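**Q** Dumping the structure here so I can ask a few things about it.
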Amino acid sequence: MVYLDHAAAARPPREVLEYFSSLLAEEFANQEAAHRLGYEARRRLDAAAERLAGALFGKGEYAVVWGMNGTELFRLIADSPVVAGRRGLSSLLEHPALTANLQRTAAGLALLRPRRDGTLIPEAAEAEFAAFHLVQSELGVLQAPESLFASSPGGVRILDAIQGAGRLPLPENAADLYVISGHKFGAPGGAAILVDKHAPCAKSFLEFAHRYRHVEYRCGRPEVPVLFAMVFAAELRCREMHEALVRVRDLNRFLRGALSRVELPGGGRCFCTIPEETASPYILHVMLPGVESGVVVRMLSEAGIMVAAGSACSSESRESSAALRALGYRGRDAWSGLRVSLSPESTVDDGKKLVEALRNVLKNW
């Protein structure tokens, strides 16, 4: 099997799985228990929060709100005083889990439009909060959050770093709240909000998050072994980030060249949706004009190649890609996007097998 759908859920490295397995036999106590094991679990979680911030930012000046997944933490943020009842700014390219939650509780939400290359067009707005992605989950577009947040000066800055954490350097001091998910960088689960301790909203947000989980019971308690494994995976990925980026960029460039030469039924060719210079090397989005990519994904799967037609959270949607529609693609073209997402362990051989399998699928179209 060739697995190239790491933007949906990354395959955990062997070291992470071995570490997680060892934790399951030792870290079984309830972190909220009053006895010694519960106290030790809480103490180690505090230390793990420092380690997570240190891995991602090089220092521990961030508080951590633990979670089980990104959607749960988007819901917590949307219910909090930084969003609920306030006017906000976001974009047409945000993950549907973020947009749906913001629209559920905000007093109003203005949405920035993208250029054809996927980069967002900053526009001044009177907003009390702003929420943007660092890396777009379907197209792989890499944004400049500092310029986007400048569109709403003074508002709380929320950065969806889920597709960037553990893969790319996170922009320090660019946001007040950073959301990450362990599933995307090779952990068995877990998620977190990293809160800048110096942000004006930090104290009130952290107090709300405590009430949300421990007083109002509006979200569950993340399991300690999962959180420790997530921190371990983040440390591993951040230590190897520079070397991994070199390998992944090389593979991304190989795929850009090889996939652009693949012929389509009718004589056209595939093309890369987002230019290399504005995209994360970990996500390569390709257009197959005239071909329904959802069918291609299923046919490639039968050949042992796992890729995606878009975001996994909308894979069963009956609508065409919202991200492609936002870029201006219409009709059949909005159904023709293929996402190939890589990991540090992905190889050129994986890429060659994908290209060959895609050629065979299109020959039999």
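Just so you know, all these numbers are worked out from the coordinates, no wet-lab data involved. This one's a predicted model, so the numbers in the text were calculated from it and none came from an experiment. Glycine gets a Cβ as well: all are built from the backbone with ideal geometry, and neighbour counts include every protein chain shown.
**Q** Considering only C-alpha atoms, what is the centroid distance from region 14-70 to region 255-311, in Å?
**A** When both Cα centres are located, 38 Å separates them.
**Q** Which value results when the Cα radius of gyration for the chain is divided by 2.2 N^0.38 Å?
**A** Compared with the compact-globule rule of thumb, the chain sits at 1.00.
**Q** Of Arg86, Arg36, Arg330, which is the most mobile in a GNM of the chain whose springs link Cα atoms less than 10 angstrom apart?
**A** In this elastic network of the chain, the residue with the biggest mean-square fluctuation among Arg86, Arg36, Arg330 is Arg36.
**Q** Quick one: 3J(HN,Hα) in Hz for region 153-170, Karplus 6.51/-1.76/1.60 with θ = phi - 60°, rounded, Gly and Pro as x.
**A** Along region 153-170, the couplings run x, x, x, 5, 9, 10, 10, 7, 9, 4, 8, x, 4, x, 10, 10, x, 7 Hz.
**Q** Label region 164-239 by shape, choosing from rounded, prolate and oblate, from the square roots a ≥ b ≥ c of the eigenvalues of the Cα gyration tensor; if a/c is under 1.5 it is rounded, and otherwise prolate applies when a/b is larger than b/c, oblate when it is not.
**A** Oblate is the answer for region 164-239, as a/c is 1.5 or above yet b/c matches or exceeds a/b.
**Q** I'd like the orientation of helix 70-79 relative to the chain: the angle between its Cα long axis and the longest Cα principal axis, in ° from 0 to 90, rounded to 10.
**A** Rounded to the nearest ten degrees, it is 60.
**Q** Another one. Could you rank the peptides 215-225, 341-351, 67-77, 100-110 by their average count of other C-beta atoms within 10 Å per residue, with the highest value first?
**A** Final packing ranking: 67-77, 341-351, 100-110, 215-225.
**Q** Alpha carbons only, please: Rg and Dmax for region 231-365, in angstrom.
**A** Cα radius of gyration and Dmax of region 231-365 are 15.2, 49 Å respectively.
**Q** Oh, and also: Give me the number: length gained by fully extending Val348 to Glu276, i.e. 0.36 nm times residue separation minus the C-alpha to C-alpha distance, one decimal in nm.
**A** 24.2 nm
**Q** Amide H of Leu109: which non-local residues (sequence gap of 5 or more, or other chain) have their own amide H closer than 5 Å, using H built in the peptide plane?
**A** Amide H neighbours of Leu109, under 5 Å, 5+ apart: Gly88.
**Q** Pairs of Cα atoms under 8 Å, at least six residues apart: use those to get the relative contact order of region 14-239, whole percent.
**A** That works out to 25 percent.
**Q** Of the candidates Phe205, Phe28, Phe20, which one comes out as most mobile in a Gaussian network treatment of the chain with C-alpha springs shorter than 10 Å?
**A** Phe28
**Q** How high is the FRET efficiency between Arg116 and Glu50 when r is their beta carbon distance and R₀ equals 51 Å, given to the nearest 0.05?
**A** On the way: r = 43 Å, r/R0 = 0.84.
With R0 = 51 Å, the Cβ-Cβ based efficiency is 0.75.
**Q** On a 0 to 90° scale, report how tilted helix 96-105 is relative to the longest principal axis of the chain, with both axes built from alpha carbons and the result rounded to the nearest 10.
**A** With rounding to tens, the tilt is 50 degrees.
**Q** Then there is this: Taking amide H atoms as placed 1.01 Å from N in the peptide plane, list the residues 5 or more away in sequence, or in a different chain, whose amide H sits under 5 Å from that of Val262.
**A** When sequence neighbours closer than 5 places are left aside, the close amide H contacts are Cys270.
**Q** Counting only pairs 8 or more places apart or on different chains, how many lysine pairs in the chain have C-alpha atoms closer than 29 Å?
**A** Lysine pairs satisfying the spacing and distance rule in the chain number 9.
**Q** Pulled fully out, how much extra length does the chain show between Glu126 and Ala100, if you take 0.36 nm times their separation in residues and subtract their Cα-Cα distance?
**A** 7.3 nm
**Q** Between helix 224-239 and the chain, what is the angle of the helix's C-alpha long axis to the longest principal axis, kept within 0 to 90° and rounded to the nearest 10?
**A** For 224-239 against the chain, the angle is about 60 degrees.
**Q** On a full-extension model of 0.36 nm per residue, what is the gain between Lys363 and Arg249, subtracting their alpha-carbon distance, rounded to one decimal in nm?
**A** 38.2 nm
**Q** In addition: Can you give me the long-range amide H partners of Gly310? Hydrogens built in the peptide plane at 1.01 Å from N, cutoff under 5 Å, separation of 5 or more residues or another chain.
**A** HN-HN under 5 Å from Gly310: Arg339.
**Q** While we're on this one: Go through region 282-296 residue by residue and turn each phi into a ³J(HN,Hα) via Karplus (6.51, -1.76, 1.60, θ = phi - 60°); whole Hz please, and just put x for glycine and proline.
**A** 7, 10, 10, 9, 10, 9, 10, x, x, 10, 7, 5, x, 5, 4
**Q** Let me ask something else about it. For region 68-152, rounded, prolate or oblate, judged on the Cα gyration tensor with a ≥ b ≥ c (square roots of eigenvalues), a/c < 1.5 rounded, else prolate if a/b > b/c?
**A** It is oblate, given that a/c is not under 1.5 and a/b is not larger than b/c.
**Q** While we're here: Through the Karplus equation 6.51 cos²θ - 1.76 cosθ + 1.60, θ set to phi - 60°, convert the phi angles of region 132-140 into ³J(HN,Hα) values in whole Hz; use x for Gly and Pro.
**A** 9, 8, 7, 10, 5, 6, 9, 8, x
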